[in-house]
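Values in this text are rule-based calculations from the coordinates and carry no lab data. Quantities reported herein were computed from a predicted structural model and do not represent experimental measurements. Here Cβ is always computed from backbone atoms with ideal geometry, including for glycine, and neighbour counts include all displayed protein chains.
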Amino acid sequence: MRELKRQYDSALYLRLALSTDKEGLKTLATKGQLIETPKDAIKDPYILEFLDLKEHYRYTENDLENELIDKIEHFLLELGKGFTFVARQKRITFDERHFYIDLVFYNRLLRCFVIIDLKIGELKHQDIGQMQMYVNYYDRYVKVTDENKTIGIILCQDKSETLVEITLPEDNEQIFASRYQTLLPSKEELKKLLQEKQDSV
């Protein structure tokens, strides 16, 4: 019941509805969230108010990761259906170089790995390139034949939609950039989101 109230307060329904069409919204209302494609599993923004990070508090990507791990149950609920935790700071190595993936999950419904990279501040095109490398590595060396392609989510405080669109291939279905917020959205922010969505249609 507590989690239901939290999802209501954080406008989960509205956030899911903003990323779907009218038919999708009707399905959401009658059947709940259906996870059939990678895009179905992505929210924008993710609301991380359960971390209790103050609005002007200075924190690092490592601090953010530690807080998420400390409250992993809450984070799994915010991620959505089918997610299970696999690893943090997962090391991958090639050409005698080590790289560390912030968080690795597996989605049982999509039957694929989901890699999450945490970024403080605005998303840069280099961040997308780094995620592409992680996703390629998992697809080529970790996933097994009957699993689907790896999904990469870059969680950032801010992003340029144009930069994301131009950096990723047109047929991209694997890498997503989503904002995160450490405070619950206000009614005004939710109204603004709805208005922006209507204006773009």
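Is it the case, given these coordinates, that Thr60 is out of contact with any Asp or Glu (no Cβ under 9 Å at 6 or more places or on another chain) and either over 21 Å from Ala177 (Cβ atoms) or buried (at least 18 other Cβ atoms within 10 Å of the Cβ) (or both)?
Numbers: out of contact with any Asp or Glu (no Cβ under 9 Å at 6 or more places or on another chain): yes; either over 21 Å from Ala177 (Cβ atoms) or buried (at least 18 other Cβ atoms within 10 Å of the Cβ) (or both): no.
No: the conditions fail for Thr60.
Across the stretch 172-188, which residue is nearest to Asp95 (Cα to Cα) among those that are assigned to a loop (DSSP other than H, G, I, E, B) and touching a residue at least 60 places away in the same chain (Cβ under 8 Å)?
Once the filter is applied, the top-ranked residue is Gln174.
Starting from the stretch 154-171, take each residue that is surrounded by fewer than 19 Cβ atoms within 10 Å (Cβ to Cβ) and list its partners that are assigned to a strand (DSSP E or B) and hydroxyl-bearing (Ser, Thr, Tyr), counting only C-beta distances under 7 angstrom and pairs at least six apart or across chains.
Pairs that qualify, where the first residue is surrounded by fewer than 19 Cβ atoms within 10 Å (Cβ to Cβ) and the partner is assigned to a strand (DSSP E or B) and hydroxyl-bearing (Ser, Thr, Tyr), are Gln157/Tyr180.
Restricting to the stretch 52-66, name every residue that is over 16 Å from the mean Cα position of the chain (by Cα) and not β-branched (Val, Ile, Thr).
Passing the criteria: Asp52, Leu53, Lys54, Glu55, His56, Tyr57, Arg58, Tyr59, Asn62, Asp63, Asn66.
Could you look through the stretch 93-137, keep only residues that are of a type in the set (Val, Ile, Thr) and not in a loop (DSSP other than H, G, I, E, B), and pick out the one that is nearest to the chain's Cα centre (by Cα)?
Filtering the stretch 93-137 for residues that are of a type in the set (Val, Ile, Thr) and not in a loop (DSSP other than H, G, I, E, B), the one nearest to the chain's Cα centre (by Cα) comes out as Ile116.
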